[in-house]
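Heads up: the structure comes next, in C-alpha cells.
Bear in mind that the values in this text are calculations on the coordinates, not laboratory data. Since the structure is predicted, the reported quantities are computational estimates derived from the model, not experimental observations. Quick reminder, even Gly has a Cβ in these numbers, built from the backbone with ideal geometry, and neighbours come from all protein chains shown.
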Amino acid sequence: MRSAIHEFPDDLFTNNERKSGAVLLHITATLYMFLALAITCDEYFVTSLEKICEKLDLSEDVAGATFMAAGSSAPELFASVIGVFITHGDVGVGTIVGSAVFNILCIIGVCGIFAGQVVVLTWWAVFRDSSYYTLSVVALIAFIYDEKIVWWESLVLVIMYAGYILVMKFNSSMQRFFMGKSSKNVANGNAATSSEMEDVKPSKAYSRGSVVMVDEMMNASPSKFRFPEAGLRVMVTSHFGPKTRLRMASRLIITERQKLVQAANGVETQVIDGKVEIENGTVPEDKPTEAEENDTISPFHIPRGVGSKIKWLISWPLLLLLFFTVPNCAKPRWEKYFMLSFILSTVWIAVFSYLMVWMVTIIGYTLGIPDVIMGITFLAAGTSVPDCIASLIVARQGLGDMAVSNTIGSNVFDILVGLGVPWAMQTMCVNYGSEVMINSRGLVYSVVLLLGSVALTVLGIHINKWQLDFKLGVYVIVLYAVFLCFSIMIEYNVFTFVNLPMCMEE
C-alpha cells in the first residue's frame with residue numbers, strides 16, 4: 001500500500017532531518033493550523049451561516065442541526081474529504097471517530113471537573129441525542145465491517161441525517177409528549193413559557209468559589225444589563241437546537257463579562273433603554289456590543305490584558321489575512337455579502353484543513369505512527385478544542401444540558417455528514433459504483449469502543465443521578481484514557497493482527 005505522504009507535495013526536509021528535530025517545525029505548523037481553523041470557523045464561517053439561516057427563515061432547531069453543526073464540525077468534515085479524495089487513507093475516518101470520543105468523554109469530563117458547581121441534567125436531551133447517535137454508530141460499524149463502503153451505504157448515512165433534522169424539527173412536541181408539561185427547570189435549558197420566565201429570580205445558591213454566575217452580575221448592576229431579559233430567554237427555551245443554544249449562550253456570557261470588566265475599569269457601556277421584544281423565539285441583536293466584540297478580533301485593535309495581547313500577537317498574521325480576504329458579515333457594511341463570506345471562509349477552511357492533514361501525515365510518517373492513531377489522538381483533539389471551550393463556558397453558568405447536548409449532537413453530524421457526504425460524493429458522483437476502501441481493520445474495533453464509550457457515559461450519568469459534577473468528570477476522563485490506550489494497542493497489533501507494519505523509505 002502506497003504511503004499517504006506521497007499524495008502530498010514533497011517536504012522541504014528529508015526523513016533523517018525531521019528525525020533530528022525538524023519534525024518540531026511540523027508540529028508547530030499543525031498547532032498554528034488548529035488556531036487558524038478556530039478563528040476562521042468562529043469569526044467568519046459561523047457568522048455567515050447565521051445570516052444564511054436568517055435569510056432562509058429556518059427554525060432554530062433545523063438551523064442548529066444543519067448549518068450551525070456544520071460551523072463547528074467543518075474541520076472534521078474537510079479532514080474526511082481530504083482522507084477520501086487525496087490521501088486515500090484513514091486519517092479522515094480516524095479524525096471523526098477520535099473527535100466523537102473526545103467530544104463525549106473529554107469535553108463532558110472537562111465540564112464536570114472545571115464547572116465549579118453541580119449541574120443537574122435533564123434526561124430528555126441526553127436520551128434524544130445519545131439514542132440517535134447510537135443508531136448512527138451501529139450503522140457505521142455495519143458498513144465498515146467489510147472494510148469497504150459502497151454507494152447505498154453512504155446514501156443511508158446521509159438519509160439518516162435528514163431523519164435527525166426531522167427529529168430536531170419536532171423536538172418541542174416530542175419533549176412535551178415524553179416529559180409532560182411539568183418540566184420547569186429553567187437553569188438547564190428546558191422548556192419554559194413566557195409567563196414562567198417572569199418568575200425567574202436571581203439566586204446566590206449557585207455560587208461556588210471563583211465562579212462568577214450570571215445572576216451575580218445582574219445583582220451587581222441591574223440597570224445596566226439587558227442579559228436576563230434577552231440572553232436568558234434565548235438560552236432556556238427548548239425550541240433551539242443544541243448548536244445554536246450553545247453558541248448564543250457562550251457568546252452572551254463572554255459579552256456580559258466584557259461589560260463587567262469595562263464597568264470595573266470605569267468605561268461606560270452604552271445601553272439602550274426599553275424592553276427587548278421577543279418574537280418567534282428570536283432576539284434583536286445588540287449592535288453596540290457586536291461592534292465591540294468584532295473590534296477585539298481586528299488586526300488593527302490591540303486588546304487589553306497580557307494574555308489577550310499575546311494571543312492577538314500570535315494570531316496577527318491570520319487576522320490580517322482573513323481581514324483582507326473575507327468580508328466580515330457581522331459588521332453592518334458587509335452584511336449583504338454573507339454568501340461571499342460563506343464561500344471565502346469555506347475556501348480558507350479547506351486550505352487550512354489540507355495543510356493540517358499534510359503536516360500530521362508527515363509527523364505520523366516520521367515518528368512511525370499510523371494515520372488512524374494520528375487522527376484519533378492529535379487531529380481529533382485539535383479540531384474539537386473550540387467546542388470544548390464553548391461547552392465549558394456554558395457549563396460554568398449551570399447550563400449543563402446545553403453543554404452535553406452539544407457534544408453528542410455534533411457527533412451525529414460528524415458521523416452521518418462528515419463521513420457520509422465524502423463517501424457519497426466518491427461512490428455516486430466522482431466515480432459511480434466505485435468503493436471507498438477502509439485500510440485499517442483496527443478502525444472497526446475503535447468504532448465498537450466508541451459505541452461502548454457512549455453506553456458507559458450515559459450509564460455513568462444515570463448512576464450519578466443526572467448530575468454533572470467533579471466525580472462524573474473524573475470518571476469520563478479515565479474512560480477517555482482507557483479508550484486511547486485500547487485504540488493505540490489495537491492499531492499496533494497488540495491484541496490481534498489488524499495492520500501491516502509501516503513501510504519506512506528514504
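By the beta-carbon count within 10 Å of each Cβ, the least crowded to most crowded order of 355, 320, fewest first, is 320, 355.
Listing 28, 95, 366, 427 from fewest to most neighbouring C-beta atoms within 10 Å gives 28, 366, 427, 95.
Residue order for 131, 20, 384, 453, fewest other beta carbons within 10 angstrom first, comes to 20, 131, 453, 384.
For the pair the stretch 23-64 / the stretch 393-448, the C-alpha centres are spaced 17 Å from each other. Phi angles of the stretch 138-153 translate, via the Karplus equation with coefficients 6.51, -1.76, 1.60 and θ = phi - 60°, into HN-Hα couplings of 4, 4, 4, 4, 4, 7, 8, 4, 8, 6, 8, 10, 9, 4, 5, 5 Hz per residue; Gly and Pro are given as x. The Rg/Rh ratio for the stretch 9-61 is 1.36, where Rg is the radius of gyration of the alpha carbons and Rh is the Kirkwood radius.
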